[in-house]
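For reference, the structure discussed in these notes is given below.
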Amino acid sequence: MLADLLRRNAQGYTFAIPCWEEGSHTEPAAVMLGASPELLVRREGARVFINPLAGSIPRHADPEQDQARKDGLAISEKDLREHSYVVNDIVRILREHCSTLEVPDGPSVIGTDALWHLSTFITGELKDPAMTALDLACQLHPTPAICGFPTAQAFGHIQALEPFDREYFAGLVGWQRECGDGEWALTLRCARYDGHRTLRLYAGAGTVAGSDPDSEIRETETKMATFMRAIA
């Protein structure tokens, strides 16, 4: 499955990590594996790079319709507003930790195998060179893209309304060197595999005022298809 995910998602962040149950120190209970499209933070020396994605639309097999969807996403008021919630909150946090910050005036549209996404690539210079990639990732996480906004209020609604435990889904996966350089992505487009025959797949979509429920369901199904193709 991992090889297939890597082949189909060459531009993403493909991972497989053990899932440990609380109090267990023998064998992991399962493996979390997936192919995330979203970099949360990368640190190279004092430079940091952040690439939030928010606002998406499924791709189409017909090139003309696919281009029309890409062009439509770039000017979609609802999706641009959804994207701005995420970027504005990330920038607010980064200003506390960066001496300089480069933020594009607006998002670009990038593509994966299954979707078009609104994307903003942000770069900055850390005030404190001792701040590691994971330190900054923990300051930024959870972003409005996976939790909602305002964060505390949205998180309370998630705890009250979501009928399942996210466990490792929407968490962080990555690596880090002793010097603090590293790269952390969000655990999205993923599944929990128990090592036998059971897979639990995870995907989601953000909703804002103006969101169409049927469209959000289709978007979630498309994201789920990333993993479905790997096990077909």
Cα gyration tensor category, rounded, prolate or oblate, for segment 5-72 with a/c compared to 1.5: oblate
Estimated FRET transfer efficiency when R0 is 41 angstrom, pair Arg95-Gln159 (beta carbons, to 0.05): 0.90
Shape category assigned to segment 122-232 from the gyration tensor of Cα positions, a/c cut at 1.5: oblate
Segment 71-125: projected area of the alpha-carbon convex hull, averaged over directions, in nm²: 4.2
Most mobile listed residue (Val103, Val87, Val48) in the chain, GNM with C-alpha springs under 10 Å: Val103
Probe 1.4 Å, protein heavy atoms only - accessible area per residue of segment 70-175 in square angstrom: 52
Protection-proxy order for peptides 119-130, 161-172, 191-202, each taking the mean of Cβ atoms within 10 Å per residue, highest first: 119-130, 191-202, 161-172
Added length on full extension, which subtracts the Cα-Cα distance from 0.36 nm per residue, Trp175 to Asp71: 33.9 nm
Sorted peptide list for 60-72, 34-46, criterion being average Cβ within 10 angstrom, highest first: 34-46, 60-72
D_trans [Stokes-Einstein, Kirkwood Rh over alpha-carbon pairs] for segment 1-132, 10 °C, 1.306 mPa s, µm² s⁻¹: 93
Rg/Rg_ref, the chain, where Rg_ref = 2.2 N^0.38 Å and atoms are Cα: 1.02
Protein accessible area in the chain, 1.4 Å probe - carbon and sulfur %: 53
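The values are calculated or read from the model by the stated rules, or taken from the named source; none is laboratory data. Just so it is clear, the model here is predicted, and its values are computed rather than measured. Cβ sites come from the backbone with ideal geometry, for glycine too, and all protein chains shown count toward neighbours. Remember, those area values only see protein heavy atoms, side chains included, never the ligands or the DNA or RNA. Shrake-Rupley method; radii C 1.70, N 1.55, O 1.52, S 1.80 Å.
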